Amino acid sequence: MIFTQKWTGRRVGYEESFPVTVPGDIQADYAQFMGWGDVNYGDSWAKFRQLEDDTWVYSTRVQCEANENERVYFVTKGIEYEYDVCMNGKVLLHHEGMFTPVDVDITEALSYGDLLEVIIYPHPKREGAAECRDQADQCCKPAVGYEWDWHPRLLVSGLWDETYIETRKESFIRDAEVFYTLDEDLKGAEVRFEIDCDGECEVELYGPDGLLVYRGPERVIRLENVKLWWCNGQGHQNLYQWAVYSDSKMRRGRIGFRRVRLVMNDGAWDEPSVFPKGRSNPPITIELNGRRIFAKGSNWVTPEIFTGQIDWGTYEKQLDLARRANMNILRCWGGAIINKESFFDLCDEYGLMVWQEFPLACNNYVGTPHYLAVLEQEARAIIKRVRQHACHVLWCGGNELFNDWSMMTDQSHALRLLNKLCYEMDFDKPFIPTSPIMGMAHGHYHFHEVDTGRYSFEIFNGSSNTAYTEFGVPAIVDVEQLKLAIPEADLHDPKPGGVWQSHMAFGAWGEESWFCKGILDDIFGPQETLEDYIEKSNWTQCVGYKHIFEEARRQWPHCSMAINWCYNEPWINAAGNMLLEYPAKPRPAYYAVQSSLRPVLPSARMETFAYDGGSVFSAELWLLNDAPVEVSDTIHVYIIIDGVKEHVMDWKTGVVPAQTNKRGHKIQIQLPAEAVTQKLILRLESDRYDVSEYELLLRGKKKVDEPEVKILNM
């Protein structure tokens, strides 16, 4: 039986206790008690700096006692980060690490109403490290809290995941997990129940249709006619339900049958082309159930600064939007937390493949004995919890570890350890040491380079990578969102320093990030109002993301992934690359990406974003087909200037096989010298699928007569 407890918190050195929420974060509870207000507003976040080196105490009076033949346990799925569990002042457990669940037998020390305390020590900081993420390079605490270019320096701790008291009988099921081995033809499977229980158990397995497949005492069963789990857009998310029963406990779960591999990208064995041969680009194409998949999605960070406040509802809103955006993968970035169980449950249901990184990011995690011991403990817990989920397709050591700021290599002990643990505990799952690795790309993160004059069009049209696992186009959030973070006195005066910089509009990653005033001025000329800058930045973000995602898809099968930076952010930033405004509001770019990730997509490959009046506009037509079936279409091409819509041509694509793209005609159009609007719109109307539309910049003078569009050739 499970008993929830009423807890209070205390800041050591201060006598007064305060109410807390469990799961939760004690700094958030303390801030509420002190009346600090919304952490999103102004510089409220800075107040938390004074709490970084404090010790905290959670206290409760235990409201149960053991009956005959029962034991009583204190159970937690996660406490951040280093802590003691004490009963009546006696330390029963000392632990470091936030992802390893623990249960502590408190039976012998327990009487009804006894004092149970959890003492949480100050945040880990490597001695001698600068006050930045370097302080986290000898611990498994997420580095993001030590400050990032979209996250303030705000360190949290507490009982961040489920925590309770539980009574257990002798027949308690301590653990149950289901494994399977698929036949080579993927039609049948051997299913194995691994159960840790001293008593007799019975197992049940139900099909995706809810019908009973097996009930009985056997731990190994044979299953025929397996219904496979597929990612979003490739098939059904078939999930089997299982249950294990003893006379005092039941455990439930789900499994999805699928086989996942990383295979070499098209043309990879042709590289390098010089002698003596070295190594080719490593495999990064996902093969799911024997089918090569173009992985299209986003980087998932964390949906809240206060991780204890994340629950099923938090995840459901954002993950449902990801599914509706035609995404099929989320890269869970190594600087953030390992998500709670409901995240993976929902990804199982929605068909969102999960690329899971361990908690290493942008640091050199030197393999000291203490660090490696904690890392192994945490990694074992992470692997055991995540491996059971059908959505999980890829392990990764961490973020940006092979570069001149992290300086880790394949020989770094932390990465060798993680590879070993994944091999031992999740043998069939792919593992890569970091992102990016050779052949892959992170960047670019701006729409336009002022010094070179290049737009993202030129940058990505000239690229040839096996995967684009980070790329970004920033934009300013809408005015109503800004009012929730920027005081009225500062709202219409965006500039470096102060609250605008606190909320990452300036100085986040170079002075231009992420407001990009200089870039916008260079493209459009100086704007008169904040609203003008917002409108222009959202225009460039939409068209930039559309182009990059579609260009990556056009480079299939050599390129097999497009994963933008990023999907969500955990608080209100004034500007950034995210597709959702905090907490879960789609930005205009979300809908642009949703359109560009449609399984079957009429698409146009343009040379650049900005065109001068009188110049020649050209575009190459494509039909992109990620769907598992062949398609055909007729695409009607139009160009729109000053509201005048001119028919350019019709393209009958013919049959385009499954998982294949087809290149069509190249159109060339002489643009008018003069136009009123700045927008040149290319519109592709499909007989079978939705419209694709591209809004480009036309630099022209004030209109004298109606613009004349001249179609040159196709």
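Quick notes
- Residue 620 being of a type in the set (D, E, K, R), in contact with a strand residue (DSSP E or B) (Cβ under 6 Å, 6 or more places away or on another chain), more than 30 Å from residue 44 (Cα to Cα) and not in a helix (DSSP H, G or I): yes
- Residue in the stretch 619-652 that is surrounded by the most Cβ atoms within 10 Å (Cβ to Cβ), counting only those that are out of contact with any helix residue (DSSP H, G or I) (no Cβ under 8 Å at 6 or more places or on another chain) and closer than 17 Å to residue 326 by Cβ: 625
- Only one of 528, 512 that is touching a Phe, Trp or Tyr at 6+ places or on another chain (Cβ under 8 Å) and surrounded by fewer than 24 Cβ atoms within 10 Å (Cβ to Cβ): 512
- Any hit, the stretch 512-526, residues being part of a loop (DSSP other than H, G, I, E, B), over 29 Å from residue 46 (Cα atoms) and modelled with pLDDT of 95 or more: yes
- Scan of the stretch 383-411 for residues that are outside any helix (DSSP H, G or I), within 30 Å of residue 180 (Cβ to Cβ) and of a type outside the set (D, E, K, R), ordered by number: 388, 389, 390, 391, 392, 393, 394, 395, 396, 397, 398
- All of (1) within 23 Å of the chain's Cα centre (by Cα); (2) part of a strand (DSSP E or B) hold for residue 282 with one exception: (2).
- Qualifying residue in the stretch 550-559 (condition: aliphatic (A, V, I, L, M) and within 20 Å of residue 693 (Cβ to Cβ)): yes
- Filtered residues of the stretch 54-84 (kept if assigned to a strand (DSSP E or B), closer than 22 Å to residue 142 by Cβ and either of a type in the set (D, E, K, R) or out of contact with any helix residue (DSSP H, G or I) (no Cβ under 8 Å at 6 or more places or on another chain) (or both)): 76, 80, 82, 83, 84
- Conditions (1) touching an Asp or Glu at 6+ places or on another chain (Cβ under 8 Å); (2) within 29 Å of residue 380 (Cβ to Cβ); (3) surrounded by fewer than 18 Cβ atoms within 10 Å (Cβ to Cβ): number failed by residue 127: (1)
- Among residues of the stretch 244-263 being over 30 Å from residue 559 (Cα atoms) and in contact with a Gly (Cβ under 8 Å, 6 or more places away or on another chain), the one that is surrounded by the most Cβ atoms within 10 Å (Cβ to Cβ) is 246.
- Qualifying residue in the stretch 387-401 (condition: of a type in the set (A, V, I, L, M, F, W, C) and in contact with a Cys (Cβ under 7 Å, 6 or more places away or on another chain)): yes
- Any hit, the stretch 286-296, residues being more than 16 Å from residue 556 (Cβ to Cβ), of a type outside the set (Asp, Glu), modelled with pLDDT of 95 or more and surrounded by fewer than 22 Cβ atoms within 10 Å (Cβ to Cβ): yes
- When 48, 99 are screened for being outside any helix (DSSP H, G or I) and assigned by TED's automatic domain parsing to the domain that holds residue 163, only 99 passes.
- With respect to the stated conditions, residue 75 is farther than 21 Å from residue 306 by Cβ, touching a Pro at 6+ places or on another chain (Cβ under 9 Å) and outside the structural domain of residue 486 (by TED's automatic domain parsing).
- Failed item, numbered, when residue 281 is tested on (1) modelled with pLDDT of 95 or more; (2) buried (at least 18 other Cβ atoms within 10 Å of the Cβ); (3) of a type outside the set (D, E, K, R); (4) out of contact with any Lys or Arg (no Cβ under 8 Å at 6 or more places or on another chain): (1)
- Single residue of the stretch 221-267 satisfying the filter (more than 18 Å from residue 200 (Cβ to Cβ) and of a type in the set (Asp, Glu)) that is modelled with the lowest pLDDT: 266
- Only listed residue being assigned by TED's automatic domain parsing to the domain that holds residue 479, surrounded by fewer than 21 Cβ atoms within 10 Å (Cβ to Cβ), within 21 Å of residue 320 (Cβ to Cβ) and at pLDDT 95 or above, chosen from 567, 591: 591
- Only a single criterion out of (1) crowded, with 19+ Cβ neighbours inside 10 Å; (2) over 24 Å from residue 427 (Cα atoms) is not satisfied by residue 343, namely (2).
- Within the stretch 334-350, no residue that is at positive phi and in the same structural domain as residue 375 (by TED's automatic domain parsing) sits with its Cβ atom under 6 Å from a residue that is modelled with pLDDT of 95 or more and among the charged types (D, E, K, R) at 6+ positions apart or across chains.
- Residue 471 vs. criteria aromatic (Phe, Trp, Tyr) and either outside the structural domain of residue 520 (by TED's automatic domain parsing) or closer than 18 Å to residue 362 by Cα (or both): yes
- Of the listed requirements (1) surrounded by fewer than 18 Cβ atoms within 10 Å (Cβ to Cβ); (2) in contact (Cβ under 8 Å) with a residue 12 or more places away in the chain; (3) assigned to a loop (DSSP other than H, G, I, E, B); (4) assigned by TED's automatic domain parsing to the domain that holds residue 72, residue 164 misses just one: (3).
- Count - residues of the stretch 448-502 that are in a loop (DSSP other than H, G, I, E, B) and either touching a His at 6+ places or on another chain (Cβ under 7 Å) or of a type outside the set (Gly, Ala, Ser) (or both): 22
- Test: residue in the stretch 141-151 that is out of contact with any Gly (no Cβ under 6 Å at 6 or more places or on another chain), surrounded by fewer than 23 Cβ atoms within 10 Å (Cβ to Cβ), of a type in the set (Lys, Arg) and assigned by TED's automatic domain parsing to the domain that holds residue 26: no
- Of the residues making up the stretch 597-634, those that are in contact with a Ser or Thr (Cβ under 7 Å, 6 or more places away or on another chain), in contact (Cβ under 8 Å) with a residue 60 or more places away in the chain and not aliphatic (A, V, I, L, M) are 602, 603, 607, 622.
- Residue among 414, 441 that alone is buried (at least 18 other Cβ atoms within 10 Å of the Cβ) and assigned to a helix (DSSP H, G or I): 414
Quick grid of which residues meet (1) out of contact with any helix residue (DSSP H, G or I) (no Cβ under 7 Å at 6 or more places or on another chain); (2) in a strand (DSSP E or B); (3) of a type in the set (Lys, Arg):
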{"site": "218", "(1), (2), (3)": "yes, no, no"}
{"site": "225", "(1), (2), (3)": "yes, no, no"}
{"site": "244", "(1), (2), (3)": "yes, yes, no"}
{"site": "252", "(1), (2), (3)": "yes, yes, yes"}
{"site": "262", "(1), (2), (3)": "yes, yes, no"}
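The values are calculated or read from the model by the stated rules, or taken from the named source; none is laboratory data. Owing to the predicted nature of the structure, the values given are computational and were not obtained by experimental measurement. Every residue, glycine as well, gets a Cβ built from its backbone with ideal geometry; the counts of neighbours run over all protein chains shown.
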